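To start, the structure itself, in structure tokens.
The values are calculated or read from the model by the stated rules, or taken from the named source; none is laboratory data. Keep in mind it's a predicted model, so treat the numbers as computed, not measured. Glycine also receives a Cβ, built like all others from the backbone with ideal geometry; neighbour counts cover every protein chain displayed. Accessible surface is based on the protein model in full, side chains and every heavy atom, while ligands, DNA and RNA are left aside. Shrake-Rupley method; radii C 1.70, N 1.55, O 1.52, S 1.80 Å.
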Amino acid sequence: VGPVGFPAPNSAQRALGERACAVEESAAEGRLVTLLTVLRDAGFVRHHVCRDATHAGHLALRATEPSRHLLDDVDVLAYVTCLFENASVGDPHVFEVTRDVKTRMDFPASRLQATLGLHDAFVIGVTQQACTGLLGALRITASLLRTEPSLRGALCVTSDRFPAGALYEQSYNVISDGAAALRVSRVRPADGPAWRLVASHQITNGALVQATDDETVGVFFNHTVRLVRETLARAGDPRLDWIVPQNMNTKAWLILARLLGVAPDRVVQDSLPEAAHMISGDNVLNLDALARSGRAQQGDRVLLVVSGYGMNWQAALLEVA
């Protein structure tokens, strides 16, 4: 089986909550708890909040339906959610009346498969990897394509929105409701840039499943450094040209860049000011920014890195094809 890769994202492969809120506005309305000056210093300017009637399934459809090229030869649909309530679009009030648990199994992945006309594709749900879920889906689908020659391609979709009334901050980072998608295939696209998947890696420390914000910060640096070094070791090559992380405090990545021996201008978080932390979708937005900038050259190695509750850390090492 040839190398597994996926094409560059484009603007049609993401969707954000309809309401763009300045951090000052959200602080005034009680959606944030950390001092506003701290969040602005961390790089956050705006974030996106869904209307009450919008659920995670709507976001997923908006991120995928316009991009018909994503849907060619798709045999696997991997659907990623972080919050469990986003893994069903069923109305909880119907369950209260009927007491029928089937109403809580109104799976958005199945609805998306039918709506997009992916009638020959089977569905995989990834729900317990928190913010790392999209990279987990990439690893799973790439493994399937390598081991099952009959499978032509996969569509990975992540979609999450916070419930009404929620705080839009976790571990000192501002959150956005949103969805993103990427395609995984053995075949390089006919036009446009693409990346080859070189290596994947995950670390889970289950003892920290309910870590506090401060405990999360306390273990973030050493686990991330370990993750990066072990991923490069799996690839058998220490070369690393770019890091494309999740959208989190920019100062944290200045520290990590020094620890990893990477120049700070090689860490790409371009979408952070306007999109904030979009759960599992940040890597797609930042990879898009790197592709559009023209800075990455053929043969460059790009490391996607993300951490999430659970506690989970995941990475995917790509090479510009």
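For a quick size check, give me the Cα extents of the stretch 158-300 along its three principal axes, largest first, whole Å.
45, 32, 27
Nearest 500 deg cm²/dmol is fine: what mean residue ellipticity at 222 nm does the chain get from its DSSP H runs of n ≥ 4 alone, each adding -39,500 (n - 2.57), divided by its residue count?
Estimated from H runs of four or more residues: -9500 deg cm²/dmol.
Rounded to the nearest 5, what % of the DSSP beta bridges within the stretch 74-198 are antiparallel ones?
50
Before I look further, what does the chain give for accessible area per residue, probe 1.4 Å, in whole square angstrom?
Ligands and nucleic acids excluded, the figure is 43 Å² per residue.
Could you rank the peptides 181-189, 21-29 by their average count of other C-beta atoms within 10 Å per residue, with the highest value first?
181-189, 21-29
In whole Å and largest first, what semi-axes does the C-alpha gyration tensor of the stretch 222-321 yield when each eigenvalue is scaled by 5 and square-rooted?
For the stretch 222-321, the ellipsoid semi-axes come out as 18, 17, 13 Å.
Where nothing but the Cβ of Lys and Arg (+1) and of Asp and Glu (-1) is charged, how large is the charge dipole of the stretch 28-131 around its Cα centre, in debye to the nearest 20?
Charge dipole, the stretch 28-131, about its Cα centre: 320 debye, nearest 20.
Quick one: the Cα spread of the stretch 71-209 along its three principal axes, in angstroms, biggest first?
Principal extents (largest minus smallest coordinate, Cα): 49, 38, 29 Å.
Using 7 Å Cα-to-Cβ label points, what is the Val209/Asp91 separation (nm, one decimal)?
With each label point 7 Å from Cα toward Cβ, the separation is 3.3 nm.
Along the charge dipole of the chain, which of Trp313, Leu240, Leu138 sits closest to the positive end, that is, farthest toward it, with unit charges on the beta carbon of Lys, Arg, Asp and Glu (+1, +1, -1, -1)?
Leu240
Quick query: amide H of Val198 versus all other amide H atoms, modeled in the peptide plane; which residues come in under 5 Å with a sequence gap of 5 or more or a different chain?
Close amide H contacts, sequence-distant or interchain: Leu317, Leu318, Glu319.
Under a point-charge model restricted to the Cβ atoms of Lys and Arg (+1) and Asp and Glu (-1), what is the dipole moment magnitude of the chain relative to its Cα centre, in debye to the nearest 20?
800
So for each of 129-141, 242-254 I average, over its residues, the number of other beta carbons within 10 Å; can you give me the resulting order with the highest mean first?
Packing order, densest peptide first, comes out as 129-141, 242-254.
Give me the percent of accessible area attributable to carbon and sulfur for the stretch 225-321, probe 1.4 angstrom.
51
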